[in-house]
Amino acid sequence: MTSEPKDFIREIIREDLRTGKHTTIVTRFPPEPNGYLHIGHAKSIVLNFGIAQEFGGRCHLRFDDTNPSREEEEYVQSIIEDIHWLGFDWGEHLYFASDYFEQLYEWAEYLITAGEAYVDDLSAEEIRAYRGTLTEPGKPSPYRDRSVEENLDLFRRMRAGEFPDGSRVLRAKIDMAASNLNLRDPVLYRIVHATHHRTGDRWCIYPMYDFAHGQSDAIEGITHSLCTLEFENHRPLYDWLIEHLPVPARPRQIEFARLNLTYTVLSKRKLLRLVTEGHVTGWDDPRMPTLSGMRRRGIPPEAIRTFCDRIGMAKRDSTVDVAQLEFCIRDELNRTARRVMGVLNPLRVVIENYPEGQTEQLEAPYYPDDPPKMGMRTVPFSRVLYIEREDFREDPPKKFFRLAPGREVRLRWAYFLRCERVIKDPDTGEITELRCTYDPATRGGDAPDGRKVRGTIHWVSAAHALPAEVRLYDRLFNRPNPDDAPEGKDFLANLNPGSLTIVEARVEASLATAAPGDRYQFERRGYFTVDPDTRPGHLVFNRTVPLRDTWAKIEKQMKQRP
């Protein structure tokens, strides 16, 4: 019997249900359609949709589309695709803050009529100067005491488009001496003459996030408005607006720690720089922490959900080791990815005692631990093979158990192989070919005489192998904290120059039907997915993760340096 997930948010919800404060839990995920979602958003998605499922409630998807100069329909569609990919759905509960523009405007006039809001002519710079500091109170705007009639007239003329951008704003009249700067007469509306992706040119004034968000929650009957810690200081304003407006419900805002990952940046501004300055190929570059990039890299959505559940909810910000995410990815792919053989750095092998022109079809399971689970595939075997170049050493070091002159190894699912001769390029001395023999009595990988070999290597038949472009992706940054840069430099100084290596590989013939999005384990090499760039006759694979955490050793060495 599994125990119920426990964290401070779920305890609040359980108590609200126990006391009858709420009978149905309603949460929401409210992205701004001004960019692509990333792994940090996934934590909020999993929390909001997960809690709704867990407690038999519902979760709304609501786009916070209150800034037309930065929002696009492209982002709306990408967000919808990402959430569906993660495994969640909102049913009929898809909303936009722009759905409520008329109601929000009426409530703004309500505040003006109640003497709780005024039109201010100060510039943005002057408003900041008048606001004061954490240690000094602000001072009131000279326009703060305008009459209700004048404020209504000016606000209606703002809506009518009489004034240019930045010339006037609507502010709440709260307390210019409040210890919380967000209560020092915050801006509720600003003038923006820009075409909105849904409402066109119908509006030229737009509500600020703090005004639109809480009221949208109230309109939709949200019971628990879950957001990250940077909104904690905004909660008093959230509550003030709910209390001073005739809203139909009283949602509760609860904050949790946002996700921070080592070797990763999650700032929209920094991600935008990576794209616009050409450090990556786009928002879906497999090195990006965007959900579209992670999907293209082959990361299963199940692994992301498991990761978010494992790190849990906290009240304080902290940084999670990206190795925890990689562990969840490996764990999921270990159970679900079909095993195949791919040679990334091919070395030609000629089996001199194997009949020329002969081909055998060997049976190999896609999942060795449970063959019926994923079925079998046929692997052709012939006189000429490719093996990994690193699986051969002419002068092997101690504890190297793979192929070497005079040494025998096991070919995966095939025969024992012995190296007899090494062929080199006469000019460069580079090894170009191995001449070997095989033992036909060892088909299947065991010797009838009981002799043992210590190494097993993978291979592909040269005559049947498919050429493939393999993109070996690694972490985009080479320091745990990318912002830990030398003086005068920024996070870009810590870009990992080895974050992408492209090799021309050979993969087994069974992959001829591989389609974009298919995931595999290349035995002994790592987990790979078929990239959308794949075309007939041109396979492209992305490495999702290596089989093991290759960074653990590097990090240990770095810590040992004086």
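A short reminder: the numbers here are calculations on the coordinates, not readings from a lab. Everything numeric in this text was worked out from a predicted model, so none of it was measured. When we count neighbours, we look across all protein chains shown, and the Cβ atoms used for this are built from the backbone with ideal geometry, even at glycine.
Here are the numbers:
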| quantity | calculated |
| --- | --- |
| GLU243 paired with LYS268, simple spin-label distance in nm, labels 7 Å along Cα-to-beta-carbon | 3.0 nm |
| Ascending count of other beta-carbon atoms within 10 Å, so fewest first, for ARG62, ARG443 | ARG443, ARG62 |
| Distance between the range 336-396 and the range 273-300 - C-alpha centres, whole angstrom | 33 Å |
| Taking all pairs of distinct alpha-carbon atoms in the range 260-336, Kirkwood radius in angstrom | 13.4 Å |
| Pairs beyond 18 Å (Cα-Cα), from LYS270/LYS489; LYS424/LYS452; LYS21/LYS43 | LYS424/LYS452; LYS21/LYS43 |
| Likely footprinting exposure, PHE381, PHE307, fewest C-beta neighbours within 10 Å first | PHE381, PHE307 |
| Where labels lie 7 Å past Cα in the beta-carbon direction, separation of ASP369 and GLN53 in nm | 2.3 nm |
| Fraction of the pair-distance distribution of the chain above 30 Å, Cα-Cα pairs, percent | 62 percent |
| Set of lysines with alpha-carbon distance to LYS173 below 24 Å, sequence-local pairs under 8 removed | LYS139 |
| Percentage relative contact order, the range 382-485, counting C-alpha pairs under 8 Å, at least six apart | 29 percent |
| Fewest-first sequence of MET294, MET208, MET374 by Cβ atoms within 10 Å of each Cβ | MET374, MET208, MET294 |
| The chain: calculated mean residue ellipticity at 222 nm from DSSP helix runs of at least 4, using -39500 (n - 2.57) | -8500 deg cm²/dmol |
| Whole-number percent relative contact order across the chain, with pairs defined as alpha carbons under 8 Å at least 6 apart | 11 percent |
| Loop-located trypsin sites (Lys or Arg not before Pro) in the range 444-543 whose Cβ has at most 15 other Cβ within 10 Å (DSSP) | ARG451, LYS452, ARG454, LYS489, ARG524 |
| Amide H contacts under 5 Å for LEU547, placed H, 5+ residues apart | GLY526, TYR527 |
